[in-house]
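What follows is a single structure, written as structure tokens, with notes after it.
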Amino acid sequence: MSLRPAGALRRRCCEAAALVMVASCASQQIAVPVDTTPTPRATVAAIAILTQPSPSTPSGAAFTRQPAVQLRDAANAPIHEAGVAIAASLASGAGSLTGATTATTDASGTATFTNLAIAGAVGARTIAFTTGSIAVVSTSVDVTAGPPSKLAIVTQPSTSATSGDTLARQPVLRLLDAWNNASGTSGLAVSVGVASGGGAIVGSGTARTDANGVATFTGLALTGVGAQTLRFAALGVSPVLSDPVVLAARVPVDTAPAPTLLLSESFDDASLAARGWYDLPPQGLQAIVTSEHRAGAGSMQVNLPAGGTVAVPSVTARHLFTPTEAVYVRYWVKHSANWVGSGQPYHPHEFYLLTTEEDAYAGPSYTHLTIYIEENVRADGGYGVLAAQDSKNIDASRLRQDLTAVTEHRAVSGCNGNPDGTPADCYANGGTWYNAKYWYSRIPIFVNAPGAGYKGDWHEVEAYVALNSIANGIGQRDGVAQYWVDGALVIDRHDLVYRTGEHPTMRINRFLIGPYIGDGSPVAQTLWIDDLVLMTARPAP
């Protein structure tokens, strides 16, 4: 046998042992130590705007295009890091940035904003996006006016005026948004009413906004005496009150011609036919009584039976007089203690003025012009009423179209427009079209309870009507309707249209007495009429 050197044998043994140790380590999966030191965070060197905000936006409204920004390093490479807060704020311009003004980056390092808006005055703004000391500024955002929120008075009405006269300074209104920016909304109707002072609006009570959101009133007047405050309102916006307008009573012009007497009737006896009355009941006027009278020996008693439409006995009577363009009517009236009128918001008819356009026996409701003098009872008392109809003038081929600026061949009391801004009716009856417009006293002319204004006492009623003028073939808006009770002026209009250029020679020439309640009298009730006078003008006090 041969012998190996001892050193070689030892190396073989060590190699074998090493193999055994490695196998043992592998079988036991002993971990080899690794380096757990964190990778250094990329340094944010910039913020890039991926999506700019909308270039234009209404004040207070969320941007239609919301901004998005991303983190970048010094080489302008995206930094993919989530959870970094980005703050948004105004960089230039006044106002405030509203909505979610902070957004957090997602895994791609992008922060997307939601509901951001700029509120305040119109103009250019920029937005800064910031994290730590790093910031970026957006492109310019043009802030425009928001939707209308309120009304503002650009021009106050005149501080003083005469009752019934057109205001020398007409009010001008403007629409504003919630931040007082002028809101250019066109076509919005702005209405005016009396907020305090007890007066009434004369002329058109509505003006519409133009393309700039401005509403300018024209021809506006007020009636009454003392300080009046106006309220302007429009749909969907806050109203506004005017400064006070102090009204002075209208003073009669001393140079006016002396009135001419047209008719005088004391109702002291039944001989009315001898005094020019016609169209009397066949049996004669049996309604003259001596038991009630304001002065003289008698009065005309009007008995309205329950359910009846006309007086029993009849009191119908007509009287012609010299044709005139203006008529003043005065009479005295007293009511029974149970007087309730028609029980409806219309009627009873009482007195009528007709014109030279009709024949001597024309029915009063279908004419070229009928003017009514009457009263209407409401819960708080009786109100004076003046009304007009010109049903024969209706152009039925263009019903409810405003023909005011189109043709003079039209009606002025409804159905073809309202040229003086007076509310009007347009209705059909038996295949014929009728119209009517009304003016009511601003206060009750009599009340139910004994005392001042009691309906059971005698009261003086005065009415004055002047037809509007015709210029260059066009009916002008200068007709007059006035109504007094016991000397107090309760209706006062000077801007009315009674006739068009189609009837330039129309004159008032007939007075008709004809009490009538179309739905029937609610109760058996009575009134008395005394001392009737017609003149061409109101006499001086």
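The values are calculated or read from the model by the stated rules, or taken from the named source; none is laboratory data. Bear in mind the structure is a predicted one, so any value in this text is a computation, not a measurement. All Cβ positions, glycine included, derive from the backbone under ideal geometry; neighbour counts span all protein chains shown. Just the protein is used for accessible areas: all its heavy atoms, side chains included, with ligands, DNA and RNA removed. Shrake-Rupley method; radii C 1.70, N 1.55, O 1.52, S 1.80 Å.
Pull up all non-local amide H partners of I127: gap of 5 or more, or a different chain, and H-to-H distance under 5 Å with H placed in the peptide plane.
Excluding prolines and chain starts, which carry no amide H, the hits are A91, S138.
Using amide H atoms built 1.01 Å from N in the peptide plane, name the residues 5+ places from T162, or on other chains, whose amide H lies under 5 Å from its own.
Long-range HN contacts for T162: A248.
Compute the signed sum of charges (Lys and Arg +1, Asp and Glu -1) over the other residues within less than 9 Å, Cβ to Cβ, of G187.
On the way: positive: R208; negative: D210.
Overall, the nearby charge balance is 0.
Roughly how much of E462 is accessible, in Å² to the nearest 10, using a 1.4 Å probe?
10
Relative to the longest principal axis of the C-alpha atoms of the chain, give the angle of the C-alpha long axis of helix 6-27, reported between 0 and 90° and rounded to the nearest 10°.
The helix 6-27 is inclined about 20 degrees to the chain.
Quick one: which of 400-411, 195-206 comes out on top by average Cβ neighbours within 10 Å, and what's the full order, highest first? Write out the running numbers ahead of the final one.
Working: 400-411: 15.4, 195-206: 18.0.
In descending order of packing, they fall as 195-206, 400-411.
Which value, to two decimals, describes the C-alpha radius of gyration of the range 338-444 once divided by 2.2 N^0.38 Å? Intermediate values should be presented prior to the final figure.
Working: Rg = 14.7 Å, N = 107, 2.2 N^0.38 = 13.0 Å.
For the range 338-444, the normalised Cα radius of gyration comes out at 1.13.
With n ≥ 4 as the cut-off for DSSP H runs, can you work out [θ] at 222 nm for the chain, using -39500 (n - 2.57) per run divided by the number of residues, rounded to the nearest 500? Write down the numbers at each step before the final one.
Values: 1 runs with 22 residues, N = 541.
Dividing the helical sum by the residues of the chain leaves -1500 deg cm²/dmol.
Distance between the C-alpha centers of the range 129-151 and the range 432-509? Whole Å please.
Cα centroid to Cα centroid, the span is 59 Å.
Ignoring any ligand, DNA or RNA, what whole percent of the accessible area of the chain comes from carbon and sulfur when the probe is 1.4 angstrom? Don't jump to the answer; show the numbers that get you there.
Details: 13790 of 24740 Å².
The C+S portion of the solvent-accessible surface of the chain is 56 percent.
Could you compute the net charge surrounding A449? Neighbours are other residues with a C-beta less than 11 Å from the C-beta of A449; K and R count +1, D and E count -1. Mind dumping the intermediate values first?
Working: positive: K455; negative: D380.
Counting the neighbours of A449, the net charge comes to 0.
Can you give me the solvent accessible area of T43 with a 1.4 Å probe, rounded to the nearest 10 Å²?
Approximately 100 Å² of T43 is accessible to the 1.4 Å probe.
Determine, from the Cβ-Cβ distance of A274 and A337 and an R0 of 45 Å, the FRET efficiency 1/(1 + (r/R0)^6), rounded to the nearest 0.05. Don't skip to the answer; put the middle values down first.
Working: r = 34 Å, r/R0 = 0.76.
Between A274 and A337 the formula returns 0.85.
Based on the Cβ-Cβ distance from Y427 to T139, what FRET efficiency comes out when R0 is 45 Å, to the nearest 0.05? Walk me through the numbers before you get to the answer.
Working: r = 62 Å, r/R0 = 1.39.
Efficiency for this residue pair is about 0.10.
Can you tell me the accessible area per residue over the chain, all protein chains present, probe 1.4 angstrom, in square angstrom? Before the final figure, lay out each step's value.
Numbers: 24740 Å² over 541 residues.
Heavy-atom accessible area per residue stands at 46 Å².
Based on the Cβ-Cβ distance of K150 and S196, what FRET efficiency does E = 1/(1 + (r/R0)^6) give at R0 = 25 Å, to the nearest 0.05?
Numbers: r = 20 Å, r/R0 = 0.81.
Once the sixth-power term is evaluated, E becomes 0.80.
Treating only the Cβ atoms of Lys and Arg (+1) and Asp and Glu (-1) as charged, compute the dipole magnitude of the chain about its Cα centre; round to the nearest 20 debye.
My answer is approximately 3140 debye.
If you stretched the chain out fully between T356 and N212, how much longer would it get, using 0.36 nm times the residue separation minus the C-alpha to C-alpha distance? Write out the running numbers ahead of the final one.
Numbers: separation 144, 0.36 × 144 = 51.84 nm, distance 4.86 nm.
Extra length available between T356 and N212 comes to 47.0 nm.
Tell me the label only: which of (i) 30.1; (ii) 26.6; (iii) 25.7 is Kirkwood radius over Cα pairs in Å as calculated from this structure?
(i)
Could you work out how far the C-alpha centroid of the range 52-77 sits from that of the range 343-363, in angstrom?
A separation of 74 Å, based on Cα centres.
Using 0.36 nm per residue, how much length does the chain from A107 to R250 gain when fully extended, once their Cα-Cα distance is taken away? All intermediate terms of the calculation are to be shown ahead of the outcome.
Values: separation 143, 0.36 × 143 = 51.48 nm, distance 8.16 nm.
Roughly 43.3 nm would be gained on extension.
Quick one: putting +1 on the C-beta of Lys and Arg, -1 on the C-beta of Asp and Glu, what dipole do you get for the range 92-196 around its Cα centre, in Debye to the nearest 20?
On the way: 4 positive and 4 negative charges, 42 e Å.
The dipole magnitude comes to about 200 debye.
Please report how far the C-alpha centroid of the range 512-541 lies from that of the range 380-413, rounded to the nearest whole angstrom.
24
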